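What follows is calculated from the coordinates using simple rules that are stated; it is not laboratory data. Model, not experiment: these values are computed from the prediction. Here the Cβ is made from the backbone with ideal geometry for all residues, glycine too, and neighbour counts use every protein chain on show.
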Protein chains: 2
Amino acid sequence: MRIKIVWPGKTRDQNIMDLQNAYLEKINKLERCELIETKEARGLAERMEKKILAIEANGLEKHMKDDYIICLFDKGKEMHSEEFAHFLQEKKANSVHTITFIVGGFLGLADGILKRAHFLLSLSKMTFSHELTRIVLLEQIYRSLTIMHRRQYAK
Amino acid sequence: MRIKIVWPGKTRDQNIMDLQNAYLEKINKLERCELIETKEARGLAERMEKKILAIEANGLEKHMKDDYIICLFDKGKEMHSEEFAHFLQEKKANSVHTITFIVGGFLGLADGILKRAHFLLSLSKMTFSHELTRIVLLEQIYRSLTIMHRRQYAK
């Protein structure tokens, strides 16, 4: 199974970027995983929300194709880590070729993107900054793969 | 109101440590916040769980005194960020002098510590590594204070 993670714009915080790369490296030892940073809407005021989301949706859509799409969404389903690992394991067992995680920018995701998702996932009731969300997602993917591969994961 | 955060052992991951310090600096601009790293049980096999938790409980207890104690616990109560901000605001309004957050080490917290808590908080249904938990908690405290102080928080 291939894992694709797609989000708009590069991570700006250098520590978060370094953590992100460290998790990606660990994940890739267990499953093929690719990170794609798509076009980010820049230089628009926050009140132009619809326009920002539409620009970002344009970039994200190009990478959604026929994959199994999981969008991160605050009103999505919450799962325990074990359930999440089981969920990914099941997709793999059902010969899903690529699972694509879509993570929104600082304003989230356009409705059109959410509607195309096969699954809406929430990492927490709490709202995390969009850059912290990236790290939490990567850590959960790594944790799930170690559970799937029955490896010891350093707590 | 004073905020104290107590956990056993120094953060080992340098990126997480740097993020942690960045959040602490931002929090301290809004409310007095102190981080205390207590004694960590080292060199014991994981199967010595009770012993490890007891050693760490010893260090944590010294900093619990008469404060309002919130322990992070995976079976604790989950809150939306707005609820969490409201909860902290209420403590402040009720003249709570110090709120102390206790975060467990890689094996969590001893029962004796959990029993002394006034509130058990869960950041997510998912299990985060104990070092990532530190960052998520700090981000949520910062987010809550910006909500309390009605400031704009960069998403």
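The coefficient of translational diffusion for region A:2-148, derived via Stokes-Einstein from the alpha carbon Kirkwood radius under 37 °C and 0.692 mPa s, stands at 212 µm²/s.
Would you mind giving the mean number of other chain beta-carbons within 10 Å of the Cβ of each residue in B:119-126, as a whole number?
The per-residue average across the peptide is 6.
Return the average number of partner chain Cβ atoms within 10 angstrom of each residue Cβ along peptide A:127-135. For peptide A:127-135, the averaged partner shielding equals 5. Counting every other Cβ atom within 10 Å of each residue's Cβ, A:ILE36, A:ILE141, A:ILE3, B:ILE135 order from fewest to most as A:ILE36, A:ILE3, A:ILE141, B:ILE135. Peptide A:59-68 has a mean of 0 when you count, residue by residue, the C-beta atoms of other protein chains within 10 Å of its C-beta. Per-residue 3J(HN,Hα) values for region A:55-72, derived from phi via the Karplus relation 6.51 cos²θ - 1.76 cosθ + 1.60 with θ = phi - 60°, read 4, 5, 4, 3, x, 5, 4, 4, 10, 9, 5, 9, 6, 7, 9, 10, 9, 7 Hz in sequence order (x marks Gly and Pro).
Note on the protein assembly as shown: helix-only mean residue ellipticity at 222 nm, from DSSP H runs of 4+ residues weighted -39500 (n - 2.57) and normalised by residue number, equals -13500 deg cm²/dmol. Close amide-amide hydrogen proximity is noted between B:GLU34 and B:ILE3, B:LYS4, B:ILE5, each under 5 Å apart and 5 or more residues distant or on a separate chain (H modeled in the peptide plane; Pro and chain starts excluded). Distance between the 7 Å Cα→Cβ label points at A:LYS92 and B:HIS118: 4.6 nm. Phi angles of region B:110-120 translate, via the Karplus equation with coefficients 6.51, -1.76, 1.60 and θ = phi - 60°, into HN-Hα couplings of 5, 4, x, 6, 4, 5, 7, 6, 7, 8, 10 Hz per residue; Gly and Pro are given as x.
Between the C-alpha center of region A:12-75 and that of region A:82-120 there is a gap of 12 Å. For the protein assembly as shown, the C-alpha radius of gyration sits at 1.02 times the compact-globule guess of 2.2 N^0.38 Å, with N the residue count.
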